[in-house]
1. What pairs can you find where one residue is in region 97-112 and part of a helix (DSSP H, G or I), the other is aromatic (Phe, Trp, Tyr), and their Cβ atoms are less than 8 Å apart, with a gap of 6+ or different chains?
2. Looking at (1) modelled with pLDDT under 85; (2) surrounded by 10 or more Cβ atoms within 10 Å (Cβ to Cβ); (3) under 17 Å from GLU54 (Cα atoms), which is the one condition that is false for ALA90?
3. Answer yes or no: is there a residue in region 61-72 that is in contact with a helix residue (DSSP H, G or I) (Cβ under 6 Å, 6 or more places away or on another chain), modelled with pLDDT of 85 or more and over 24 Å from ILE124 (Cα atoms).
4. Could you go through region 45-65 and let me know if any residue there is open to solvent by 80 Å² or more (accessible area, probe 1.4 Å), in contact with a strand residue (DSSP E or B) (Cβ under 8 Å, 6 or more places away or on another chain) and in a strand (DSSP E or B).
5. Would you mind telling me which numbered condition in (1) within 24 Å of the chain's Cα centre (by Cα); (2) surrounded by 11 or more Cβ atoms within 10 Å (Cβ to Cβ); (3) outside any strand (DSSP E or B); (4) not hydrophobic (A, V, I, L, M, F, W, C) ARG31 fails?
6. Within region 34-44, can you find the residues that are surrounded by 10 or more Cβ atoms within 10 Å (Cβ to Cβ) and not hydrophobic (A, V, I, L, M, F, W, C)?
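The values are calculated or read from the model by the stated rules, or taken from the named source; none is laboratory data. On a predicted model such as this, the values are computed, not experimentally measured, just so you know. Cβ coordinates were reconstructed from backbone atoms using ideal geometry, including for glycine residues, and neighbour counts include every protein chain displayed. Only protein heavy atoms, including side chains, enter the accessible area calculation; ligands, DNA and RNA are left aside. Shrake-Rupley method; radii C 1.70, N 1.55, O 1.52, S 1.80 Å.
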Amino acid sequence: MFTPEPIGKRRSSLASSGDSENADRIITAVRVRPVSDSESNNNCRVIMIPAANEPGMCIVDPAFYQSNKKESERKIYERHFRYDHFFWSANKVGTVMVATQENVFSACGKPLVGHCVAGFNCAILAYGQTGTL
């Protein structure tokens, strides 16, 4: 029989946890898609930046890039978001690795399959553009 794995580092498995506070919690995950060929050909900028020390990202308002702002002014144009899982696929940024389908499934899908087999209700809602890579 498949044994459920923990959903994340900060949480224990639903099947083995008596912690009702986290049992019904919605887990959020975001995957940034790769840059398309047409976007690359048109010199489009990636306005998302992986967060340094947590699973999340920073989005820079495109207005920052459209005007001649100094790099020191960028913080005014940044918005930070935090998720339980963050998967980067746009391009290689420093030490941030590009996520594969297997990475996403291992972190998000596989634990839920185990929880379903163990009798828990689970759902994965995926949202994104049709036909993206």
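1. That search, which allows pairs on different chains as well, returns ASN103/PHE87; VAL104/PHE87; ALA107/PHE87.
2. Checking ALA90 against (1) modelled with pLDDT under 85; (2) surrounded by 10 or more Cβ atoms within 10 Å (Cβ to Cβ); (3) under 17 Å from GLU54 (Cα atoms), the one that fails is (3).
3. Yes, region 61-72 contains a residue that is in contact with a helix residue (DSSP H, G or I) (Cβ under 6 Å, 6 or more places away or on another chain), modelled with pLDDT of 85 or more and over 24 Å from ILE124 (Cα atoms).
4. no
5. It is condition (3) that ARG31 fails.
6. Passing the criteria: PRO34, SER36, GLU39, SER40.
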